[in-house]
Amino acid sequence: MTVLEKTFAHPIAHRGLHDRSKGVIENSASAFSHAIKAGYAIETDLQLSGDAQALVFHDDKLDRLTRQTGAVSQLSAGQLTRIRLTASKKKESPQTFPQMLEQVNGAVPLVVELKNQKTLNSDKSDPDANLALAKAAVMAAKNYEGPLVFKSFYPQMLQNLRQEGFGGPIGIIITKLLPKSPMFSQTSALERFAIHNLLHYPVTKFDFISCNYKNLDLPAVRLLRKFGFKTMTWTVSSFEIEQKTRTHADQLVFENYLPYRAKT
């Protein structure tokens, strides 16, 4: 099987198999261990630390998941990996990407999202920081032997990954950009049209699509899937939603329930 085939073989646990009520926090070592034990692939996120290291963390601020406040980008990886995740039963801290790779060690496929980096106290993208994150991610994964794919909402990030030498599968994440979306204010009407219709493909050459389950009816997504582009859909949170996606996506990214198609 190819890396992409392995990645799509089983449901993908969104930020690991987490359950805050049981002290298992999203994107924590425990969440990843639970996913591995259950035979799920893992979806995770990377942010850039202040010393240009890839940190396994979803938010660009610490406030929601820790008792600390402020931007992830203002602290070093060493500082960030000593901050406790609030409500973690095992009193865990965020991991660096190399630490996570060492933990998973090829046991299950990894779907790794590179988050858009912003200038401090702004919603504007920071191109230099985005390139630095791509560089750190590619460097960390350079000798990793397990199945791993990268993805991003941002076409430029996919170009950054290729520029930094990543030769594995890359995917574009797509959702309809509504006024409340952070990307809406960062893009022009023309850019949003191009994103909705995946017109950047000649430049990004993505290998798969990761689509919001509410937007699987986007014409470009439906067309490219007919042409053989594998499509995962997110974030599925119930069996009822899963049923609606079955004929429109090849695999699902899930949380808060266990998928019918899971390996148990």
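In segment 94-118, the residue that is nearest to the chain's Cα centre (by Cα) out of those that are crowded, with 18+ Cβ neighbours inside 10 Å and part of a loop (DSSP other than H, G, I, E, B) is K115. Does T231 count as of a type in the set (S, T, N, Q), more than 20 Å from L161 (Cβ to Cβ) and surrounded by 16 or more Cβ atoms within 10 Å (Cβ to Cβ)? Here the answer is no, as T231 does not meet what is asked. Contact map, segment 205-216: first residue closer than 12 Å to V149 by Cα and at pLDDT 95 or above, second residue of a type in the set (G, A, S) and in a strand (DSSP E or B), Cβ cut-off under 9 Å, separation 6 or more or different chains; pairs are F206/G171; D207/G171; F208/G171; I209/G171; S210/G171. Might you let me know whether segment 126-138 holds any residue that is touching a helix residue (DSSP H, G or I) at 6+ places or on another chain (Cβ under 9 Å), at pLDDT below 95 and polar (S, T, N, Q)? No: segment 126-138 contains no residue that is touching a helix residue (DSSP H, G or I) at 6+ places or on another chain (Cβ under 9 Å), at pLDDT below 95 and polar (S, T, N, Q).
Mind listing whichever residues of segment 43-59 are part of a strand (DSSP E or B) and buried (at least 24 other Cβ atoms within 10 Å of the Cβ)?
Listed by number, the residues that qualify are E43, T44, L46, Q47, L48, A54, L55, V56.
Scanning segment 119-130 for residues being outside any loop (DSSP other than H, G, I, E, B) and within 21 Å of A194 (Cβ to Cβ) gives a total of 3.
The values are calculated or read from the model by the stated rules, or taken from the named source; none is laboratory data. Computed from a predicted model, the values in this text were never measured in an experiment. Virtual Cβ from ideal backbone geometry, glycine too; neighbours counted across all protein chains shown.
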